[in-house]
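Chemist: First, the structure itself, so that you have it in front of you.
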Amino acid sequence: MTGVEHGLPAIAAMFAAARAAQRAAFLPYYPIGYPSYTESLDAIIALAELGADGFEIGVPFSDPLADGPVIQAATQTALANGITVRRCLDAVRELRLRGVMQPMLLMSYLNPLLAYGPAAFVRDAKAAGADGVIIPDLPVEEAAEWAAACRSHNFAQVLFVAPTSDAARIAAVAAQATGFIYLVSVTGVTGARTGLSADLAGFVARVRSRAGGIPLVLGFGISTAAHVRQIEQLTDGFIVGSALIKAAQGGVAGVRAFVTELRAP
Amino acid sequence: MNKTSQQTLPDERGYFGAYGGRFVPETLIPALDELLAAYESARVDPAFQAQLANLQATYVGRPTPLTHARRLSQQLGGAQIYLKREDLAHTGAHKINNAIGQALLAQRMGKHRIIAETGAGQHGVAAATAAALLGLECHVYMGTVDMARQQPNVYRMQLLGAEVLPVAAGSKTLKDAINAAIRDWVTNVQSTHYMLGSALGPHPYPRIVRDFQSIIGVEARRQILEAAGRLPDLCIACVGGGSNAIGLFHAFQEDAAVDLIGVEAGGSGIAGGVHAARFSDPELGRPGVLHGTRTFVMQDANGQIADTHSISAGLDYPAVGPEHAHLRDLERAHYTYASDSEALAAFHLLCKVQGIIPALESAHAIAEAVKRAPSMPKTAVIIVNLSGRGDKDLDTVLQETGK
Ligand SMILES: Cc1ncc(COP(=O)(O)O)c(C=O)c1O
């Protein structure tokens with residue numbers, strides 16, 4: 001991916017490469033500062049070496065209302081370790097210096113980003129080497145200010161659709177989202193689940209028919225190789241969070257074992 | 001004279017000026033649309049309004065009285081203080097006004113399961129009561145710190161058939177109970193109505209809760225015209241999320257001569273940062289987004305939500321209803337605070353001179369009347385919203401008084 005500009009071009013190149021290899025892009029979620037700043041960077045570097053196609057980099061927030069217990073606990077640890085938005089941008093910069101080439105999208109709740117300032121955040125995140133932003137409590141109706149900031153930096157603004165979104169909402173999201181659309185696989189919060197939704201294929205098809213070609217990435221609940229096999233043919237990418245963080249309790253070795261198992265053919 | 005405005009708010013997107021809106025996960029947006037549509041149709045449906053009015057009269061006990069607090073006024077030596085007696089509403093606080101309204105809405109939407117958050121336990125009790133009345137299933141999220149300090153209300157909810165779900169995350173208070181309720185709602189959105197207890201959260205909650213609570217001010221305005229032959233100079237209410245205050249203020253908003261005063265929790269003082277006075281501490285209280293709405297939020301420099309403190313669980317919350325932020329911008333309402341010790345002193349005073357045990361939340365509003373009345377003429381009139389009764393607070397008061 002060397003030589004491709006960070007932001008939308010890098011994300012497009014990521015999906016093109018995965019498509020060429022006939023697979024969905026694997027985008028692990030990992031929060032900066034869990035279990036410590038240094039160990040989180042080591043985990044992300046290990047994931048990069050294990051074939052992650054891109055990253056959702058977690059910024060901690062005191063009140064993560066879209067997250068289940070595992071990510072809540074991990075991000076509380078990160079906060080206790082003093083992690084701020086600024087520190088997460090430092091982390092992205094350091095990861096680039098240490099050779100991580102894959103796209104990195106910062107996932108943060110809105111309030112810490114507002115405190116930083118939307119325009120300043122997009123500018124500084126792009127300069128640090130990040131490629132996009134994912135804000136779970138920012139629906140499309142409230143996203144105009146962010147859209148403008150992201151557009152002027154060629155920075156991805158990922159928006160969500162959920163199983164409850166109707167055709168009109170899906171179309172509105174597709175018209176504004178850049179980089180990819182984040183499909184929430186279930187009505188619920190983040191967290192590993194034994195089975196994925198029965199109507200997943202129908203949901204993805206419903207979004208696909210209105211997405212106008214923008215890549216679709218599925219997240220929430222994906223935790224096993226069986227899940228991955230189920231969705232590989234449906235979507236352009238998938239996000240794994242809670243199950244990975246649980247594995248990371250076993251350090252880099254735990255991360256390695258989990259990913260090897262998850263990606264087993 | 002205060003500035004008034006004829007504009008009806010919120011606007012289409014749920015904004016009161018720069019505040020309000022909808023900042024929640026996408027999964028919930030269709031449920032908010034459904035709630036708005038149900039509310040819009042109920043609002044203009046005579047059958048719904050008749051059912052609500054009937055329950056208010058025959059079950060809640062409305063209208064609640066307006067009591068002239070003669071001995072309190074005499075002792076303070078100035079303005080005449082009138083108390084709007086929401087403590088006499090069924091379940092002992094104004095929260096029932098909103099709970100009954102939203103329970104009827106839930107029924108109208110065909111949702112059989114109610115979830116609610118509670119701080120002081122008064123909204124939880126009101127939600128459990130409304131659910132029992134209408135045969136709905138009820139789950140109430142409550143921080144473990146609040147469960148300990150409002151134990152009688154935990155028992156009441158359980159007696160009423162609700163399940164109380166302890167929340168041990170974060171500060172273990174109202175904020176965390178709301179987080180847990182929102183997570184439940186995201187998961188069970190198809191079957192469940194989230195009965196939010198104050199004039200906060202994503203659109204259309206601030207408006208729905210205001211409208212259901214505005215009966216407080218409508219009655220009080222009529223009652224004071226009867227009792228005193230004139231409008232009040234001041235309306236005073238405590239402000240947690242802001243529902244009893246907006247409920248009192250709304251009917252007086254166009255009366256430019258009436259000053260509207262909201263009283264936040266001053267905790268152990270503004271200087272130390274140990275309080276919940278979102279409007280009075282520029283170090284901590286700034287516009288931000290929490291629980292789905294843009295409003296004043298207590299937060300650190302990095303945008304992490306700050307810990308709050310109040311002796312009263314119902315005021316111990318880091319954000320405030322968006323309409324209050326707007327009224328403050330317009331200078332139509334003014335916001336101040338009472339400290340824990342001022343509220344306690346007002347609590348004891350009202351017990352001794354009027355024979356009324358107020359909720360510690362309401363005692364904050366009394367404390368402001370105690371500060372202002374002496375310097376006002378004897379012909380002046382103050383209405384204080386006595387938002388609830390204090391039985392739930394006896395343990396806290398005994399502990400504090402024993403110190
Ligand atoms: C008696 C009483 N007053 C006031 C409040 C504060 O809420 P609000 O500001 O929404 O009226 C509460 C909340 O629990 C309460 O129980």
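Chemist: Using the Cβ atoms and a cut-off under 15 Å, what net charge is assigned to the surroundings of A:Ala247, where Lys and Arg are +1 and Asp and Glu are -1? Show your work: numbers first, answer last.
Modeler: Details: positive: A:Lys246, A:Arg256, A:Arg263; negative: A:Glu39, A:Asp42, A:Glu261.
Here the count lands on 0.
Chemist: While we're on this one: How much accessible surface does B:Thr401 have with a 1.4 Å probe, in Å² rounded to 10?
Modeler: Rounded to the nearest 10, the figure is 80 Å².
Chemist: May I ask which residue of B:Thr293, B:Ile208, B:Ile382 lies farthest towards the positive end of the charge dipole of chain B, with charges of +1 (Lys, Arg) and -1 (Asp, Glu) on Cβ and the Cα centre as origin?
Modeler: Sorting the options by dipole projection puts first B:Ile382.
Chemist: Classify the stretch A:45-128: rounded, prolate or oblate, from the alpha-carbon gyration tensor (a ≥ b ≥ c, eigenvalue square roots; a/c under 1.5 rounded; otherwise prolate if a/b is larger than b/c)? Write out the running numbers ahead of the final one.
Modeler: Details: a/c = 1.88, a/b = 1.20, b/c = 1.57.
It comes out oblate by the Cα gyration axes.
Chemist: Can you bin every Cα-Cα distance in the stretch B:125-169 into 10 Å intervals starting at zero and give me the percent of pairs per bin, rounded to whole numbers?
Modeler: Using 10 Å bins, I get a P(r) of 32, 53, 15, 0 for the stretch B:125-169.
Chemist: Kindly report the accessible area of chain A per residue (heavy atoms of protein chains, probe 1.4 Å, no ligands, DNA or RNA), in Å². Mind dumping the intermediate values first?
Modeler: Values: 9140 Å² over 265 residues.
Per residue, chain A has 34 Å² of solvent-accessible surface.
Chemist: Tell me the accessible surface of A:Tyr116 in square angstrom (1.4 angstrom probe, heavy atoms of protein chains only), to the nearest ten.
Modeler: In the full protein context, A:Tyr116 sits at about 40 Å².
Chemist: Leaving out ligands and nucleic acids, and using a 1.4 Å probe, what accessible area per residue does the stretch B:254-312 come to in Å²? Kindly include the intermediate steps, with their values, before the conclusion.
Modeler: Working: 1760 Å² over 59 residues.
It amounts to 30 Å² per residue over the stretch B:254-312.
Chemist: Just to be sure I follow: if Rg is taken over the C-alpha atoms of chain B and Rh is the Kirkwood radius over the same atoms, what is Rg/Rh? Present the calculation step by step, with values, prior to reporting the outcome.
Modeler: Working: Rg = 19.3 Å, Rh = 20.6 Å.
Taking Rg over the Kirkwood Rh, I get 0.94.
Chemist: Give the shape of the stretch B:328-384 as rounded, prolate or oblate, defined through the alpha-carbon gyration tensor: a ≥ b ≥ c are the square roots of its eigenvalues, a/c under 1.5 means rounded, and otherwise the shape is prolate if a/b is larger than b/c and oblate if not.
Modeler: Numbers: a/c = 2.20, a/b = 1.32, b/c = 1.67.
Verdict is oblate for the stretch B:328-384.
Chemist: Tell me which trypsin sites (Lys or Arg not before Pro) from the stretch A:30-117 have a DSSP coil assignment and no more than 12 other beta carbons within 10 Å of their own.
Modeler: Details: sites: A:Arg86, A:Arg87, A:Arg93, A:Arg96, A:Arg98; in loops: A:Arg98.
Qualifying residues, ordered by number: A:Arg98.
Chemist: Once the Cα gyration tensor of the stretch A:1-107 is found, what semi-axes does its equivalent ellipsoid get, as square roots of 5 times the eigenvalues, in whole Å, sorted largest first? Intermediate results must be reported in sequence, preceding the final value.
Modeler: On the way: eigenvalues 126, 45, 28 Å².
Listed largest to smallest, the semi-axes of the stretch A:1-107 are 25, 15, 12 Å.
Chemist: Pop the C-beta distance of B:Asp391 and B:Val353 into the FRET formula with R0 = 22 Å and round what comes out to the nearest 0.05.
Modeler: Values: r = 19 Å, r/R0 = 0.86.
Here the calculated transfer efficiency is 0.70.
Chemist: Now a separate question. Give me the distance between the Cα centres of the stretch B:111-136 and the stretch B:200-247, rounded to whole Å.
Modeler: 22 Å
Chemist: Output the direction-averaged projected area (hull surface divided by four) of the convex hull of the alpha-carbon atoms of the stretch A:106-187, in nm². Intermediate values should be presented prior to the final figure.
Modeler: Numbers: hull surface 20.5 nm².
Here the figure is 5.1 nm², rounded to one decimal.
Chemist: Let me ask you something else. Per residue of chain A, what 222 nm ellipticity follows from adding -39500 (n - 2.57) for every DSSP H run with n ≥ 4, rounded to the nearest 500? Display every interim value, and only then the final one.
Modeler: Working: 12 runs with 124 residues, N = 265.
Per the formula, -14000 deg cm²/dmol.
Chemist: So, with a 1.4 angstrom probe, what is the percent of accessible area on chain B that is carbon and sulfur? Please report the intermediate quantities before stating the final value.
Modeler: Numbers: 7150 of 13400 Å².
It is 53 percent, rounded to a whole number.
Chemist: Turning to a different aspect of this structure: Considering only protein heavy atoms and a probe of 1.4 Å, how much of the accessible area of chain A is carbon and sulfur, as a whole percent?
Modeler: 55 percent
Chemist: Another question, then. What list of whole percents do you get for P(r) of the protein assembly as shown, with Cα-Cα distances grouped in 20 Å bins up to the one holding the largest distance?
Modeler: All Cα pairs considered, the percentages come to 19, 49, 26, 6, 0.
Chemist: Another question about this same structure. Bin width 10 Å, origin at 0, all Cα-Cα pairs of chain A: what percent of pairs per bin?
Modeler: Per 10 Å bin, starting at 0, the Cα pair percentages come out as 7, 34, 41, 18, 1.
Chemist: Net charge around B:Val297, counting only other residues with Cβ within less than 9 Å of its Cβ (Lys, Arg = +1; Asp, Glu = -1)? Please list the in-between numbers first.
Modeler: Numbers: positive: B:Arg278, B:Arg286, B:Arg294; negative: none.
In short, +3.
Chemist: Run the quick spin-label model on A:Ala119 and A:Glu261: label points 7 Å from Cα toward the beta carbon, then report their separation in nm to one decimal.
Modeler: For the pair A:Ala119/A:Glu261, the computed spacing is 4.9 nm.
Chemist: Please arrange B:Val189, A:Val70 by accessible surface area, largest first, computed with a 1.4 Å probe and ligands excluded.
Modeler: On the way: B:Val189 5, A:Val70 35 Å².
So the residues, ranked largest to smallest area, are A:Val70, B:Val189.
Chemist: Then there's this: Where both partners of a DSSP beta bridge lie in the stretch B:255-403, what percent of those bridges are antiparallel, to the nearest 5? Each step should come with its number before you reach the end.
Modeler: Working: 10 of 17 bridges.
Restricted to the stretch B:255-403, the bridges split so that about 60 percent are antiparallel.
Chemist: Whenever you get a sec, line up B:Lys3, A:Lys246 from highest to lowest accessible area (probe 1.4 Å, protein heavy atoms).
Modeler: Values: B:Lys3 135, A:Lys246 110 Å².
Correct descending sequence by accessible area is B:Lys3, A:Lys246.
Chemist: OK, next. Under 10 Å from the Cβ of B:Thr336, count the other residues' Cβ atoms, weight Lys and Arg +1, Asp and Glu -1, and hand me the total.
Modeler: Working: positive: B:Lys371, B:Arg372; negative: B:Glu264, B:Glu368.
Net charge in that neighbourhood comes out at 0.
Chemist: Per-residue accessible area for B:Cys351 at 1.4 Å probe radius, Å² rounded to 10?
Modeler: Result for B:Cys351: roughly 40 Å² accessible.
Chemist: For the stretch A:30-35, what does the Karplus curve 6.51 cos²θ - 1.76 cosθ + 1.60, with θ = phi - 60°, yield as ³J(HN,Hα) per residue in whole Hz, taken in order and with x for Gly and Pro?
Modeler: 9, x, 5, x, 10, x
Chemist: Quote the total accessible area buried by chains B and A together, excluding ligands, DNA and RNA, probe 1.4 Å, nearest 100 Å². The partial results should precede the final answer.
Modeler: Values: alone 14680 and 10470 Å², together 22540 Å².
Answer for the B-A pair: about 2600 Å² buried.
Chemist: Using the scaling law 2.2 N^0.38 Å as the reference, what is the normalised Cα Rg of the stretch A:175-246?
Modeler: Taking N as the residue count of the stretch A:175-246, the ratio is 1.07.
Chemist: Let me ask something else. Mind computing the radius of gyration and Dmax over the alpha-carbon atoms of the stretch B:282-403? Å is fine for both.
Modeler: When restricted to Cα atoms, the stretch B:282-403 yields Rg and Dmax of 16.3, 49 Å.
Chemist: Normalise the Cα radius of gyration of the stretch B:1-123 by 2.2 N^0.38 Å (N = residues in it) and let me know the number. Intermediate values should be presented prior to the final figure.
Modeler: Values: Rg = 18.9 Å, N = 123, 2.2 N^0.38 = 13.7 Å.
Cα-based Rg divided by the globular estimate yields 1.38.
Chemist: Counting only DSSP beta bridges with both residues in chain B, what percent are antiparallel, rounded to the nearest 5?
Modeler: Close to 35 percent.
Chemist: With a cut-off of at most 11 other beta carbons within 10 Å, and DSSP calling the residue loop, which GluC sites (Glu not before Pro) in the stretch B:1-56 qualify? Please list them.
Modeler: On the way: sites: B:Glu12, B:Glu26, B:Glu34, B:Glu40; in loops: B:Glu12.
Filter output for the stretch B:1-56: B:Glu12.
The values are calculated or read from the model by the stated rules, or taken from the named source; none is laboratory data. Given the structure is predicted, the values throughout are model-derived calculations rather than measurements. For neighbour counting, all protein chains shown are included, and Cβ atoms are generated from backbone atoms with ideal geometry for every residue, glycine included. The accessibility values were calculated without ligands, DNA or RNA, using every heavy atom of the protein model including side chains. Shrake-Rupley method; radii C 1.70, N 1.55, O 1.52, S 1.80 Å.
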